[in-house]
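Let me begin by presenting the structure, written as C-alpha coordinates, before commenting on it.
The values are calculated or read from the model by the stated rules, or taken from the named source; none is laboratory data. Computed from a predicted structure; not experimentally measured. So basically every Cβ, Gly included, is an ideal-geometry build from the backbone, and we count neighbours across all protein chains shown. All accessible areas refer to the heavy atoms of the entire protein, side chains included, with ligands and DNA or RNA removed. Shrake-Rupley method; radii C 1.70, N 1.55, O 1.52, S 1.80 Å.
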Amino acid sequence: MVSMTRGAYAKPGTSLDFKTGNWRSTEMPAHIHAKAPCHAACPAGEDQQAWFAKLQEGHAEAAWAELVRANPLPAITGRVCPHPCEGACNRAALDGALAIHNVERWLGDEAIRNGCDYPVAAPRANAPEVGIVGAGPAGISAAYHCLRHGLRATIYEASPEAGGLLRAAIPQTRLPRAPLDAELSRVLALPGITLNLRTRLGRDVSLEELRHNHPAVLLAPGCQASTAWSVDGAVPADLREGLHMLKDFVDHGALPEAERVVVHGGGNTAMDLCRLLKRSGSKQVTLITASGLPGPDTDPSDEINVVPRELE
Ligand code: SF4
(Lines give C-alpha, C1' and ligand atoms only; values in the text may rest on other atoms or scores of the structure.)
Protein backbone atom coordinates (compact mmCIF):
# COMPACT_ATOMS: atom_id res chain seq x y z
CA MET A 1 0.00 0.00 0.00
CA VAL A 2 1.23 3.49 -0.82
CA SER A 3 0.94 6.13 1.88
CA MET A 4 -0.40 9.41 0.54
CA THR A 5 0.80 11.53 3.44
CA ARG A 6 1.55 14.89 1.95
CA GLY A 7 5.12 15.29 0.78
CA ALA A 8 5.88 11.55 0.82
CA TYR A 9 5.79 11.42 -2.96
CA ALA A 10 8.77 13.77 -3.05
CA LYS A 11 11.05 11.39 -1.15
CA PRO A 12 13.26 9.06 -3.22
CA GLY A 13 11.91 5.58 -3.56
CA THR A 14 8.41 6.15 -2.24
CA SER A 15 6.75 6.14 -5.65
CA LEU A 16 8.04 2.72 -6.75
CA ASP A 17 4.56 1.26 -6.57
CA PHE A 18 3.56 3.50 -9.46
CA LYS A 19 4.54 2.00 -12.82
CA THR A 20 6.22 4.92 -14.46
CA GLY A 21 8.34 3.21 -17.12
CA ASN A 22 12.05 3.94 -17.44
CA TRP A 23 12.05 7.70 -16.98
CA ARG A 24 14.08 7.31 -13.78
CA SER A 25 17.11 6.22 -15.78
CA THR A 26 16.86 9.02 -18.34
CA GLU A 27 15.77 12.05 -16.42
CA MET A 28 15.50 12.97 -12.76
CA PRO A 29 12.34 14.80 -11.76
CA ALA A 30 12.58 18.26 -10.27
CA HIS A 31 10.30 18.85 -7.32
CA ILE A 32 8.75 22.31 -7.44
CA HIS A 33 6.85 23.70 -4.50
CA ALA A 34 3.75 25.20 -6.06
CA LYS A 35 0.05 25.27 -5.41
CA ALA A 36 -1.92 22.47 -7.05
CA PRO A 37 -4.27 23.78 -9.79
CA CYS A 38 -7.33 23.10 -7.60
CA HIS A 39 -5.75 25.03 -4.74
CA ALA A 40 -4.84 27.96 -7.00
CA ALA A 41 -8.38 28.04 -8.46
CA CYS A 42 -10.23 27.94 -5.12
CA PRO A 43 -11.57 31.38 -4.12
CA ALA A 44 -11.60 30.21 -0.48
CA GLY A 45 -7.92 29.26 -0.63
CA GLU A 46 -8.43 25.62 0.35
CA ASP A 47 -5.51 23.19 0.11
CA GLN A 48 -7.48 20.27 -1.29
CA GLN A 49 -4.41 18.02 -1.61
CA ALA A 50 -3.80 18.33 2.13
CA TRP A 51 -7.33 17.47 3.22
CA PHE A 52 -7.81 14.73 0.62
CA ALA A 53 -4.59 13.09 1.88
CA LYS A 54 -5.95 12.97 5.43
CA LEU A 55 -9.24 11.59 4.17
CA GLN A 56 -7.48 8.89 2.17
CA GLU A 57 -5.72 7.82 5.36
CA GLY A 58 -9.15 7.38 6.91
CA HIS A 59 -9.17 10.51 9.09
CA ALA A 60 -12.35 12.36 8.15
CA GLU A 61 -12.33 14.72 11.13
CA ALA A 62 -8.66 15.61 10.53
CA ALA A 63 -9.53 16.25 6.86
CA TRP A 64 -12.33 18.60 7.93
CA ALA A 65 -10.00 20.34 10.41
CA GLU A 66 -7.46 20.84 7.62
CA LEU A 67 -10.18 22.15 5.28
CA VAL A 68 -11.56 24.68 7.77
CA ARG A 69 -8.12 26.19 8.26
CA ALA A 70 -9.07 28.08 5.08
CA ASN A 71 -12.85 27.83 4.76
CA PRO A 72 -15.11 27.59 7.84
CA LEU A 73 -18.25 26.91 5.76
CA PRO A 74 -17.72 23.66 3.80
CA ALA A 75 -21.32 22.40 4.17
CA ILE A 76 -22.42 25.65 2.48
CA THR A 77 -19.73 26.05 -0.18
CA GLY A 78 -20.06 22.32 -0.85
CA ARG A 79 -23.57 23.18 -2.07
CA VAL A 80 -23.33 26.61 -3.65
CA CYS A 81 -19.76 27.10 -4.88
CA PRO A 82 -19.45 26.72 -8.69
CA HIS A 83 -16.34 24.63 -7.90
CA PRO A 84 -13.67 26.11 -10.18
CA CYS A 85 -11.30 23.70 -8.38
CA GLU A 86 -12.77 20.82 -10.38
CA GLY A 87 -12.49 22.76 -13.64
CA ALA A 88 -8.77 23.16 -12.92
CA CYS A 89 -8.17 19.55 -11.81
CA ASN A 90 -5.33 17.84 -13.75
CA ARG A 91 -7.15 14.55 -13.36
CA ALA A 92 -9.87 15.79 -15.74
CA ALA A 93 -7.56 15.14 -18.70
CA LEU A 94 -7.08 11.51 -17.59
CA ASP A 95 -10.59 10.36 -16.68
CA GLY A 96 -12.47 12.91 -14.63
CA ALA A 97 -11.92 15.63 -12.05
CA LEU A 98 -11.95 14.64 -8.40
CA ALA A 99 -15.36 15.25 -6.84
CA ILE A 100 -13.93 17.96 -4.58
CA HIS A 101 -17.21 19.82 -4.23
CA ASN A 102 -19.23 16.79 -3.11
CA VAL A 103 -16.54 15.55 -0.72
CA GLU A 104 -16.29 19.03 0.77
CA ARG A 105 -20.04 19.02 1.40
CA TRP A 106 -19.87 15.55 2.97
CA LEU A 107 -17.06 16.64 5.32
CA GLY A 108 -19.05 19.73 6.31
CA ASP A 109 -22.22 17.70 6.95
CA GLU A 110 -20.31 15.09 8.97
CA ALA A 111 -18.70 17.78 11.12
CA ILE A 112 -22.14 19.25 11.86
CA ARG A 113 -23.60 15.82 12.59
CA ASN A 114 -20.73 14.88 14.92
CA GLY A 115 -20.35 18.32 16.52
CA CYS A 116 -16.65 18.57 15.61
CA ASP A 117 -14.88 21.49 17.27
CA TYR A 118 -13.39 24.17 15.06
CA PRO A 119 -9.60 24.21 15.50
CA VAL A 120 -9.48 27.72 17.01
CA ALA A 121 -8.68 28.86 20.53
CA ALA A 122 -10.70 31.54 22.33
CA PRO A 123 -8.87 34.88 22.00
CA ARG A 124 -7.63 36.79 25.07
CA ALA A 125 -10.26 38.96 26.77
CA ASN A 126 -8.27 42.08 25.89
CA ALA A 127 -7.40 41.01 22.34
CA PRO A 128 -7.98 43.71 19.68
CA GLU A 129 -11.52 43.58 18.30
CA VAL A 130 -12.06 43.99 14.56
CA GLY A 131 -15.34 45.57 13.38
CA ILE A 132 -16.98 43.80 10.43
CA VAL A 133 -19.94 45.15 8.47
CA GLY A 134 -22.05 42.33 7.01
CA ALA A 135 -22.89 38.83 8.25
CA GLY A 136 -22.78 37.16 4.86
CA PRO A 137 -20.22 34.48 3.98
CA ALA A 138 -17.41 37.04 3.62
CA GLY A 139 -18.08 38.76 6.96
CA ILE A 140 -18.53 35.51 8.88
CA SER A 141 -15.41 33.97 7.32
CA ALA A 142 -13.45 37.11 8.15
CA ALA A 143 -14.60 36.95 11.79
CA TYR A 144 -13.51 33.31 11.96
CA HIS A 145 -10.07 34.15 10.57
CA CYS A 146 -9.75 36.95 13.12
CA LEU A 147 -10.13 34.27 15.82
CA ARG A 148 -7.51 32.12 14.13
CA HIS A 149 -5.10 35.04 14.47
CA GLY A 150 -5.92 35.69 18.12
CA LEU A 151 -8.25 38.66 17.46
CA ARG A 152 -11.84 39.22 18.51
CA ALA A 153 -14.52 40.27 15.98
CA THR A 154 -17.81 42.15 16.19
CA ILE A 155 -20.16 41.86 13.22
CA TYR A 156 -22.80 44.50 12.37
CA GLU A 157 -25.63 43.13 10.22
CA ALA A 158 -28.60 45.14 8.91
CA SER A 159 -30.92 42.12 8.55
CA PRO A 160 -32.63 40.24 11.38
CA GLU A 161 -30.69 37.07 10.46
CA ALA A 162 -27.14 36.24 9.45
CA GLY A 163 -26.35 34.75 6.06
CA GLY A 164 -26.54 37.60 3.53
CA LEU A 165 -27.32 36.43 0.01
CA LEU A 166 -26.93 32.80 1.10
CA ARG A 167 -30.20 33.22 2.95
CA ALA A 168 -31.82 36.02 0.96
CA ALA A 169 -31.38 34.88 -2.63
CA ILE A 170 -30.35 31.23 -2.89
CA PRO A 171 -33.40 28.97 -3.12
CA GLN A 172 -33.68 26.03 -0.75
CA THR A 173 -33.53 23.67 -3.69
CA ARG A 174 -29.82 24.46 -3.85
CA LEU A 175 -29.08 25.42 -0.25
CA PRO A 176 -31.48 23.86 2.28
CA ARG A 177 -31.90 25.93 5.42
CA ALA A 178 -30.84 23.15 7.83
CA PRO A 179 -27.13 23.03 6.86
CA LEU A 180 -27.10 26.80 6.34
CA ASP A 181 -28.43 27.50 9.84
CA ALA A 182 -26.32 24.78 11.45
CA GLU A 183 -23.01 25.83 9.96
CA LEU A 184 -23.49 29.58 10.40
CA SER A 185 -24.60 29.19 14.01
CA ARG A 186 -21.62 26.95 14.81
CA VAL A 187 -19.18 29.61 13.57
CA LEU A 188 -21.06 32.51 15.16
CA ALA A 189 -21.11 30.69 18.51
CA LEU A 190 -17.31 30.57 18.68
CA PRO A 191 -16.02 32.56 21.67
CA GLY A 192 -14.65 35.91 20.52
CA ILE A 193 -17.30 36.61 17.84
CA THR A 194 -20.13 39.05 18.66
CA LEU A 195 -23.04 39.46 16.24
CA ASN A 196 -25.22 42.60 16.22
CA LEU A 197 -28.32 42.03 14.09
CA ARG A 198 -30.67 44.81 12.84
CA THR A 199 -27.72 47.20 12.90
CA ARG A 200 -27.41 49.05 9.60
CA LEU A 201 -24.31 51.03 8.72
CA GLY A 202 -25.32 54.68 8.25
CA ARG A 203 -28.56 54.29 10.22
CA ASP A 204 -27.76 52.54 13.51
CA VAL A 205 -24.00 52.92 13.50
CA SER A 206 -21.69 55.24 11.57
CA LEU A 207 -18.35 54.50 9.99
CA GLU A 208 -16.79 57.07 12.34
CA GLU A 209 -18.11 55.16 15.36
CA LEU A 210 -16.77 51.89 13.99
CA ARG A 211 -13.37 53.47 13.36
CA HIS A 212 -13.38 54.88 16.87
CA ASN A 213 -14.39 51.59 18.51
CA HIS A 214 -12.23 49.17 16.51
CA PRO A 215 -8.55 49.18 15.51
CA ALA A 216 -9.58 47.82 12.09
CA VAL A 217 -12.88 47.78 10.18
CA LEU A 218 -13.81 45.46 7.31
CA LEU A 219 -16.70 46.35 5.02
CA ALA A 220 -18.30 43.15 3.68
CA PRO A 221 -21.80 44.29 2.70
CA GLY A 222 -22.07 41.77 -0.15
CA CYS A 223 -23.01 42.00 -3.81
CA GLN A 224 -26.65 42.98 -3.56
CA ALA A 225 -26.94 44.98 -6.80
CA SER A 226 -27.73 43.49 -10.20
CA THR A 227 -25.67 44.50 -13.24
CA ALA A 228 -27.33 47.18 -15.38
CA TRP A 229 -28.59 45.64 -18.62
CA SER A 230 -29.69 47.09 -21.97
CA VAL A 231 -29.58 46.45 -25.70
CA ASP A 232 -27.73 49.41 -27.20
CA GLY A 233 -29.12 51.57 -24.40
CA ALA A 234 -32.72 50.33 -24.74
CA VAL A 235 -34.20 48.62 -21.67
CA PRO A 236 -37.25 46.35 -22.22
CA ALA A 237 -40.31 47.50 -20.27
CA ASP A 238 -40.79 44.05 -18.73
CA LEU A 239 -37.15 43.55 -17.75
CA ARG A 240 -36.74 42.04 -14.26
CA GLU A 241 -33.54 41.83 -12.27
CA GLY A 242 -32.62 38.23 -11.53
CA LEU A 243 -31.37 38.83 -8.02
CA HIS A 244 -34.57 40.67 -7.05
CA MET A 245 -36.69 37.88 -8.51
CA LEU A 246 -34.79 35.31 -6.46
CA LYS A 247 -35.15 37.43 -3.31
CA ASP A 248 -38.90 37.72 -3.94
CA PHE A 249 -39.12 33.98 -4.42
CA VAL A 250 -37.19 33.23 -1.23
CA ASP A 251 -39.30 35.77 0.74
CA HIS A 252 -42.75 35.09 -0.71
CA GLY A 253 -42.44 31.85 -2.67
CA ALA A 254 -43.73 33.56 -5.80
CA LEU A 255 -42.39 34.24 -9.28
CA PRO A 256 -44.03 36.27 -12.04
CA GLU A 257 -46.34 34.09 -14.14
CA ALA A 258 -45.11 33.95 -17.70
CA GLU A 259 -45.46 31.33 -20.42
CA ARG A 260 -42.24 32.27 -22.17
CA VAL A 261 -39.21 33.73 -20.43
CA VAL A 262 -35.74 34.69 -21.61
CA VAL A 263 -32.95 34.63 -19.03
CA HIS A 264 -29.66 36.32 -19.86
CA GLY A 265 -26.58 35.08 -18.03
CA GLY A 266 -24.74 31.86 -17.30
CA GLY A 267 -24.02 32.01 -13.58
CA ASN A 268 -25.74 30.57 -10.56
CA THR A 269 -28.40 33.31 -10.43
CA ALA A 270 -29.42 32.61 -14.03
CA MET A 271 -29.47 28.85 -13.51
CA ASP A 272 -31.45 29.09 -10.27
CA LEU A 273 -33.99 31.30 -12.03
CA CYS A 274 -34.30 28.98 -15.03
CA ARG A 275 -34.99 26.00 -12.80
CA LEU A 276 -37.49 27.85 -10.62
CA LEU A 277 -39.34 29.26 -13.63
CA LYS A 278 -39.62 25.81 -15.18
CA ARG A 279 -40.87 24.32 -11.94
CA SER A 280 -43.37 27.14 -11.41
CA GLY A 281 -45.03 26.49 -14.76
CA SER A 282 -43.34 28.56 -17.46
CA LYS A 283 -43.67 26.58 -20.69
CA GLN A 284 -40.58 27.89 -22.41
CA VAL A 285 -37.46 29.15 -20.67
CA THR A 286 -34.65 30.27 -22.96
CA LEU A 287 -31.19 30.88 -21.59
CA ILE A 288 -28.94 33.30 -23.47
CA THR A 289 -25.35 33.09 -22.37
CA ALA A 290 -21.94 33.92 -23.79
CA SER A 291 -20.67 30.63 -22.41
CA GLY A 292 -21.53 27.13 -23.60
CA LEU A 293 -22.72 23.94 -22.01
CA PRO A 294 -19.92 21.47 -21.28
CA GLY A 295 -19.28 19.26 -24.28
CA PRO A 296 -16.44 17.44 -26.02
CA ASP A 297 -15.50 20.46 -28.13
CA THR A 298 -16.06 23.16 -25.53
CA ASP A 299 -13.06 25.08 -24.30
CA PRO A 300 -13.13 24.60 -20.48
CA SER A 301 -12.59 28.33 -20.01
CA ASP A 302 -15.78 29.04 -21.98
CA GLU A 303 -18.37 26.76 -20.48
CA ILE A 304 -20.96 27.30 -17.82
CA ASN A 305 -20.27 24.95 -14.97
CA VAL A 306 -23.86 23.91 -14.34
CA VAL A 307 -25.62 21.30 -16.44
CA PRO A 308 -29.26 22.39 -16.57
CA ARG A 309 -30.79 18.96 -17.05
CA GLU A 310 -34.31 20.33 -16.73
CA LEU A 311 -33.82 22.81 -19.55
CA GLU A 312 -34.11 22.20 -23.25
S1 SF4 B 1 -15.99 23.77 -4.21
FE2 SF4 B 1 -14.81 24.16 -2.32
S3 SF4 B 1 -12.68 23.58 -2.83
FE4 SF4 B 1 -13.79 23.89 -4.78
S5 SF4 B 1 -13.43 26.05 -5.36
FE6 SF4 B 1 -15.37 25.96 -4.20
S7 SF4 B 1 -14.78 26.38 -2.06
FE8 SF4 B 1 -12.88 25.83 -3.16
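One table, with the values for the structure above:
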quantity: Cα centroid separation, the range 73-109 to the range 126-142 (Å); calculated: 27
quantity: Relative contact order [Cα under 8 Å, 6+ residues apart], the range 137-214, whole percent; calculated: 41
quantity: Accessible carbon and sulfur surface of the range 33-181 relative to its total accessible area, %, 1.4 Å; calculated: 54
quantity: Surface accessible to a 1.4 Å probe, CYS38 within the full protein complex, Å²; calculated: 20
quantity: Sequence of ASP238, ASP109, ASP272 when ordered by accessible area, the most exposed leading, probe 1.4 angstrom; calculated: ASP238, ASP109, ASP272
quantity: For the range 57-133: accessible area per residue (Å², 1.4 Å); calculated: 47
quantity: Estimated dipole of the range 22-124 in Debye, rounded to 20 [Cβ of Lys and Arg +1, of Asp and Glu -1, Cα centre]; calculated: 180
quantity: Accessible area per residue in Å² at 1.4 Å probe, computed on the range 239-278; calculated: 55
quantity: Nonlocal amide H pairs with LEU195, under 5 Å, H built at 1.01 Å; calculated: ILE155
quantity: Karplus 3J(HN,Hα) series, Hz, for the range 243-248 with 6.51 cos²θ - 1.76 cosθ + 1.60 (x for Gly, Pro); calculated: 5, 5, 5, 5, 4, 4
quantity: Amide H contacts of LEU287 (H built 1.01 Å from N, under 5 Å, at least 5 apart or other chain); calculated: VAL263
